[in-house]
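The values are calculated or read from the model by the stated rules, or taken from the named source; none is laboratory data. Remember, it's a predicted structure, so these values are computed and weren't measured experimentally. FYI the Cβ positions are ideal-geometry reconstructions off the backbone, even for glycines, and counts take in every protein chain you see.
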Amino acid sequence: MSRVLLVGTPNSGKTALFNRLTGLNHRVANYPGITVDLSMGRLSTLPEHELVDFPGTYSLRPISEEERIAVDHFAKALDAPDVAHVLCVVDATRLEKSLFFCLQVVRECRQRGKAVTVLANMGDILARHNLAIDARGLAAGIGAPVLVVSARTGEGLPEVLQRLASGITSEASADPIPEPALLAQDDESADQALYAEAHQLAERFGAPADQLLLIQSRLDRFFLGSLSGGLSFSLIMLVLFQSIFTWSAPAMDAVEAAIAGLGSWMLPFLSEGIVRDFTADAIFSGIGAFLVFVPQIFVLTFVIGLLEDSGYLARAALICHKPLRFFGLSGKSFIPMLSGVACAIPAIYAARSIESPRARFLTYLAIPLMPCSARLPVYTLLIAIFIPRETALGGLVGWQGLTLFCVYGLGIVCGLVVAGVVNRVSAGEAQMPFMMELPAYRLPALIPIARKSVQRAQHFVTKAGLVILSVTVIVWVLGYFPNQGADLGASWLGTIGKWIEPVFQPLGLDWRYGVAIVSAFLAREVFVGTLGTIMGIEGAEDNILPLVEQVQASALPLGSGLALLVFFAIALQCISTVAILAREANSWRLAVRMVVAYLCLAWLAAWLTFQIAAAV
Amino acid sequence: MVAESQTMNLWELPTRTEAVLVGFAPALAERYRGRLLEFGFHTGERIVCQHQPGFGAPRVYRVSNATYSLDRELALQVLVSVARE
């Protein structure tokens, strides 16, 4: 097995190429800094070769954490004997920004005797505008073969594979060229010479991209305009949250009806007793209550995918820079924070692209407060209980969607306030300036985004589903025995629940909600499954009622519902997030402190909410 | 007619006006200077300020075929010359 390294500047389309060549489906997006770790996969047509995708970097001299990781790994990999070839990806539409790094890479490869091929990606965009680069001239200038390719259409990739298959070591010089290694030195004059060379090559062999930039500039005039920019940003965010309810509602209704229908059809076949009770309470009420939310996870991931692929997110980061700076964050914090709306774990990884250690630390504090998709089932359940499914403004705005927008806003505001307070009370180094490449706008590729959304929904079901199934079984056993479900309050679960009830009583929540909250510390989604199981045992009906109706029938006060929403918006209840935080921040102490602090804050805020609601 | 030139920092450059980069302020830290050079901000390079979003947000500059966003702190350290007829 030999390895092929895939390197390039940020947003040059490396990961899209990686996915094309390996058949894998790693995360891609249209803004710089999406790949923050190494990815590996076998070439689908040459399984004896493993392709290694590196995070993008502008130079072999890193200024951020993500670049340092990329450069360190690249330096080590170049010395490894099993590395046979290096593929250096450049953006054919913007050669200037890629060629400095490309020349550094070619020089390092020649110095170490490794074969290198330059892939000029996005050739399809140039072709669409009747533009082209002079690949042959560029190859002569760089001193390495140049192939024009397109990760989107697959153009040029058979030639790449052919090169790797036929002459994987043929380009490597037997005797390494004795050039000084860039990785080991810091020579400004050598850099200056390379800058000049890169500039000359781009001017001579690159394509004039005025036409491409004209379209981009027109769109920027709208999306970055003083008034239109702010309005469009607010509108896009509102549509994002509205879509979670409106687009997924039919699918959610269908899943709910299917579960109820399956239960009504299946249960009469089971004889009265423990098996029938378990199937009704744990499987249909517990697991079923959780499965209803899968369409929402799909829609959320799909809409975020559309934004990521369009190139808009870099503009949103720019718009948000100034307000975020007030809280000690950077415009670059926006992208990890928005990713946190889907899941905190990739968001924490994405924070590596923030050069300033202080802004990165403050972003870590804010991310767990972003309303992640695991919170969505809890929010949706509580909103559906208290907010009618009605619309306003001629059906344009749904009250449930609007409430969700506000609840999400609460999490975002909490994240900003925490970052701002910590920034003001703690000492630290000054902020680093903001500089960011703005990617070209493009039409999102719908099929890969849909595929990614399906994967995310599957991951949600398999990962959380296993935990939910286990917890549901445990909760059901504890709730069913010793009296065969006759009296939930007298069950083992009831006894345990009453021990912890004093903690949640000030929030107006009885022991059933206390048990569901405690079980949610494994994963937030477990709350819904646990509550579904408890309500299922208690209800003891033959019909499988939706959880919303069961909670409505239990007369949960509005104040307690709001307190629950606030508690879930703030509490850090995800074990995986805590572990990744500890690893990325290199501090278990920070992670544990955050869990304790957010838990105390969540309880206090929930108590305050309940008190205010009771007073009103 | 003799063309004169006016030197200013990048933040002062009006929208859609072309300028030529003449250098960096000595106060600019080495690593940011290096990154700007990697982006293509070389002496003699033509730069256009394409957009000035409101409320002090970072501004958008075109250098060769690429566009970059720089905040005030950084743009103040980049010196450009604008032809004045």
Quick check on A:Leu262: is it at pLDDT 85 or above and aliphatic (A, V, I, L, M)? yes
From the option list A:Leu509, A:Leu572, A:Leu556, single residue qualifying as more than 30 Å from A:Arg360 (Cα to Cα), touching a residue at least 60 places away in the same chain (Cβ under 8 Å) and not in a helix (DSSP H, G or I) is A:Leu556
Mind listing just one residue for me: the one in segment B:25-39 that is in contact with a strand residue (DSSP E or B) (Cβ under 9 Å, 6 or more places away or on another chain) and among the charged types (D, E, K, R) and, of those, nearest to the other protein chains (Cβ to nearest Cβ)? B:Arg35
Could you list, in sequence order, all residues of segment B:1-20 that are within 12 Å of chain A (Cβ to nearest Cβ) and hydrophobic (A, V, I, L, M, F, W, C)? B:Leu10, B:Trp11
Residues in segment B:40-61 that are at the interface with chain A (Cβ under 10 Å from one of its Cβ atoms), buried (at least 21 other Cβ atoms within 10 Å of the Cβ) and either within 9 Å of the chain's Cα centre (by Cα) or more than 20 Å from A:Gln211 (Cα to Cα) (or both) total 6
Residue that is surrounded by the most Cβ atoms within 10 Å (Cβ to Cβ), among those in segment A:208-222 that are among the aliphatic types (A, V, I, L, M) and more than 8 Å from every other protein chain (Cβ to nearest Cβ): A:Leu219
Single condition A:Ala440 does not satisfy, out of (1) within 25 Å of A:Glu308 (Cα to Cα); (2) within 27 Å of the chain's Cα centre (by Cα); (3) more than 14 Å from chain B (Cβ to nearest Cβ): (3)
Hits in segment A:192-207 (condition: modelled with pLDDT under 85 and more than 11 Å from every other protein chain (Cβ to nearest Cβ)): A:Ala193
Quick check on A:Val518: is it crowded, with 16+ Cβ neighbours inside 10 Å and touching a Phe, Trp or Tyr at 6+ places or on another chain (Cβ under 7 Å)? no
Taking the options A:Gly508, A:Gly494, A:Gly485, name whichever one is of a type outside the set (Ser, Thr, Tyr), modelled with pLDDT of 85 or more and either touching a Cys at 6+ places or on another chain (Cβ under 6 Å) or at positive phi (or both). A:Gly508
Only residues that are at pLDDT 90 or above and not in a loop (DSSP other than H, G, I, E, B): list them for segment A:84-97, please. A:His85, A:Val86, A:Leu87, A:Cys88, A:Val89, A:Val90, A:Asp91
Just to verify a result, which residue in segment A:294-340, among those that are under 30 Å from A:Ala249 (Cβ atoms) and β-branched (Val, Ile, Thr), is farthest from the other protein chains (Cβ to nearest Cβ)? A:Val294
In the set A:Val341, A:Val378, the lone residue that is hydrophobic (A, V, I, L, M, F, W, C), closer than 27 Å to A:Ile580 by Cα and touching an Asp or Glu at 6+ places or on another chain (Cβ under 9 Å) is A:Val378
Please work out if A:Gly123 is under 31 Å from the mean Cα position of the chain (by Cα) and not polar (S, T, N, Q). yes
Could you tell me whether any residue of segment B:14-34 is surrounded by 13 or more Cβ atoms within 10 Å (Cβ to Cβ), within 9 Å of the chain's Cα centre (by Cα) and of a type outside the set (A, V, I, L, M)? no
Are there any pairs with C-beta distances below 9 angstrom linking a residue in segment A:48-59 that is in contact (Cβ under 8 Å) with a residue 24 or more places away in the chain and within 14 Å of chain B (Cβ to nearest Cβ) to a residue that is among the hydrophobic types (A, V, I, L, M, F, W, C) and part of a loop (DSSP other than H, G, I, E, B), with the two at least 6 apart or on different chains, and if so which? A:Gly56/A:Ile34
Tell me, which strands (runs of 3 or more DSSP E) lie completely within chain B with 3 or more residues that are among the hydroxyl-bearing types (Ser, Thr, Tyr) and within 25 Å of A:Ser228 (Cβ to Cβ)? B:66-70
Looking at this structure, is A:Leu262 closer than 27 Å to A:Met337 by Cα, more than 11 Å from every other protein chain (Cβ to nearest Cβ) and without any contact (Cβ under 8 Å) to a residue 40 or more places away in the chain? no
Applying the selection to segment B:21-41, what residues are under 16 Å from A:Arg94 (Cα atoms) and touching a residue at least 12 places away in the same chain (Cβ under 8 Å)? B:Leu36, B:Phe39, B:Gly40, B:Phe41
Quick one: which of A:Ser234, A:Ser228, A:Ser189 is within 11 Å of chain B (Cβ to nearest Cβ), in a helix (DSSP H, G or I) and free of Cβ contacts under 8 Å to residues at least 40 places away in the same chain? A:Ser228
Restricting attention to segment A:82-113, which residues are more than 16 Å from A:Thr57 (Cβ to Cβ), away from chain B (no Cβ under 12 Å) and touching a Ser or Thr at 6+ places or on another chain (Cβ under 9 Å)? A:Asp82, A:Val83, A:Ala84, A:His85, A:Arg110, A:Gly113
Pairs needed: first member in segment A:358-372, under 21 Å from A:Gln573 (Cβ atoms) and of a type in the set (S, T, N, Q); second member anywhere, assigned to a helix (DSSP H, G or I) and at pLDDT below 95; C-beta distance under 6 Å; at least 6 residues apart or different chains. A:Thr363/A:Ser333; A:Thr363/A:Pro336; A:Thr363/A:Ala351
Based on this model, can you work out whether B:Arg72 counts as within 21 Å of A:Ile63 (Cβ to Cβ), more than 7 Å from chain A (Cβ to nearest Cβ) and in contact with a strand residue (DSSP E or B) (Cβ under 7 Å, 6 or more places away or on another chain)? no
Being touching a helix residue (DSSP H, G or I) at 6+ places or on another chain (Cβ under 6 Å), modelled with pLDDT of 90 or more and under 16 Å from A:Met436 (Cβ atoms) is the requirement here; does B:Leu10 meet it? yes
Quick one: A:Asp187 ticks every box in (1) within 33 Å of the chain's Cα centre (by Cα); (2) at pLDDT below 90 bar one, so which box is it? (1)
